[in-house]
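Asker: Okay, handing you the structure first.
We did not get these values from a lab; they are worked out from the coordinates using the rules stated. Computed from a predicted model, the values in this text were never measured in an experiment. Ideal geometry is used to build each Cβ from the backbone, glycine not excepted, and the neighbour counts take in all protein chains shown.
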Amino acid sequence: MNKIKRLLACILITLIGTQVIAGEYTFDPYYDDSFSIKNKKVVVAIYDEARGGCWTNIGEAKSYAEDKLMLKGAKVVKYMDDAQLVLNILVKTFPYLEQLPSNCIGTLEISLEKGVRSKGNKW
């Protein structure tokens, strides 16, 4: 019974805290209308931090991302050293939920980054 009370308290605190943060934070994204990935060399990097067999189609996800980039005109490359841009795909599961049966709850983070080269060094 004590565990249930703790879990309920955690859920309530999370919900209240989330509402406060959402109410105070506004997201104002910056868009560069002149940016394009057309003819840019892009490599797809996948980071699998999912546990418990929650994500099993890594190769499929990478191929899908590469296909979509090519459809937009990017030149997909195999190696980081050959790339101008990196499409990072990070998948994580929540460690405290891995203990529960049949749970695959996590996050997916996607970012497109440009490396900075200095003194002849790449990335």
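Asker: Which of Phe94, Phe35 comes first, and how do the rest follow, when ranked by fewest Cβ neighbours within 10 Å?
Answerer: Result, fewest neighbours first: Phe35, Phe94.
Asker: Would you kindly derive the ³J(HN,Hα) couplings of region 84-89 from the backbone phi angles with the Karplus curve 6.51 cos²θ - 1.76 cosθ + 1.60 (θ = phi - 60°), listing them in order in whole Hz, with x for Gly and Pro?
Answerer: Rounded to whole hertz, the list is 9, 9, 10, 9, 8, 10.
Asker: What order do you get for Glu66, Glu113 when you list them from fewest to most C-beta neighbours inside 10 Å?
Answerer: Glu113, Glu66
Asker: Determine, for Val43, Val77, the number of other Cβ atoms within 10 Å of each Cβ, and report the residues in order from fewest to most.
Answerer: With the fewest neighbours first, Val43, Val77 line up as Val77, Val43.
Asker: Where does the charge balance sit around Lys72 when Lys and Arg score +1, Asp and Glu -1, over other residues with C-beta under 14 Å from its C-beta?
Answerer: +3
Asker: Right, here's the next one. In a shell of Cβ-Cβ distance under 9 Å around Asn88, excluding Asn88 itself, what net charge do Lys and Arg (+1) and Asp and Glu (-1) give?
Answerer: So the environment of Asn88 carries a net charge of -2.
Asker: Less than 12 Å Cβ to Cβ from Thr107, Lys/Arg counted +1 and Asp/Glu -1: what total charge do the surrounding residues give?
Answerer: -1
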